[in-house]
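Data first, discussion second: the structure below is written as structure tokens.
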Amino acid sequence: MVGGTSCYVRLRYAERIFLAGEVPKAPVAIVFGAGLASKGKPSPMLAERLETAMKLYRSGKVERILLSGANLTKSHDETRAMGRYALAKGVPREIILRDDAGFSTYDSCYRAKAVFGITRATLVTQRFHLPRALFIANSLGLDAVGVAADEGTRGPLINEGRELFSRSLALAMAIAKPPPRFLGVSEALEAE
């Protein structure tokens, strides 16, 4: 059963995965958190996602970037680290939105629509995660396409294995549609 549901989720929106140069234009790119490295810097996986979103912005494929991640403690604030990274790379402050309650892919997608009013978006994450993110987003009513931050590469086997179970959970959540852990409000990137 797990294998079947995982396969269904993986294939359901496969045609909505594009290369960065070929993705249709969208109002916003949603960048999912992926942990922090030492000294509160984005992890290599997260930096890859941010670089891809910035590439989409600079090429005119998106107008804004929604940074969605967990703000668990003062020393682990993913969206603050993501915002600093983007600002340091020259992304204008006014195009960045922050979702500090993106505790999961489901929460990030749910909040993108319910809190930020997003109806169409490009999802930016690694290839192994993209089918689940697209399935959740589209199941929640977002018109979402995706770009793999690691175009053409395959993720580590541990990530692929984890997704086997996570995709099955995504199907259950898409059917039940529970509210996110925290609904809250949206935030613009504050001045530092």
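The values are calculated or read from the model by the stated rules, or taken from the named source; none is laboratory data. Here the structure is a predicted model, which means the values were calculated and not measured. Positions of Cβ are backbone-derived with ideal geometry, glycine not excepted, and every protein chain shown enters the neighbour counts.
In the range 38-50, is there at least one residue being in a strand (DSSP E or B) and either modelled with pLDDT under 95 or touching a helix residue (DSSP H, G or I) at 6+ places or on another chain (Cβ under 7 Å) (or both)?
Within the range 38-50, one or more residues are in a strand (DSSP E or B) and either modelled with pLDDT under 95 or touching a helix residue (DSSP H, G or I) at 6+ places or on another chain (Cβ under 7 Å) (or both).
For the range 98-110, state whether one or more residues are outside any strand (DSSP E or B), surrounded by fewer than 19 Cβ atoms within 10 Å (Cβ to Cβ) and either among the β-branched types (Val, Ile, Thr) or over 12 Å from the mean Cα position of the chain (by Cα) (or both).
Looking for residues that are outside any strand (DSSP E or B), surrounded by fewer than 19 Cβ atoms within 10 Å (Cβ to Cβ) and either among the β-branched types (Val, Ile, Thr) or over 12 Å from the mean Cα position of the chain (by Cα) (or both), one finds none in the range 98-110, hence no.
For the range 58-72, give me the residue count where each residue is in a loop (DSSP other than H, G, I, E, B), at pLDDT 95 or above and either among the polar types (S, T, N, Q) or touching a helix residue (DSSP H, G or I) at 6+ places or on another chain (Cβ under 6 Å) (or both).
Looking only at that region, the number is 1.
If I filter the range 17-32 for residues that are under 26 Å from PRO178 (Cβ atoms), in contact with a Lys or Arg (Cβ under 8 Å, 6 or more places away or on another chain) and not aliphatic (A, V, I, L, M), do I get at least one hit?
Yes, the range 17-32 contains a residue that is under 26 Å from PRO178 (Cβ atoms), in contact with a Lys or Arg (Cβ under 8 Å, 6 or more places away or on another chain) and not aliphatic (A, V, I, L, M).
Taking the options ALA81, ALA20, name whichever one is in contact (Cβ under 8 Å) with a residue 24 or more places away in the chain, outside any strand (DSSP E or B) and closer than 13 Å to GLY146 by Cα.
Criteria check complete, one pass: ALA20.
Residue under question is SER75, and the condition is that it be at pLDDT 95 or above and polar (S, T, N, Q); does it hold?
no
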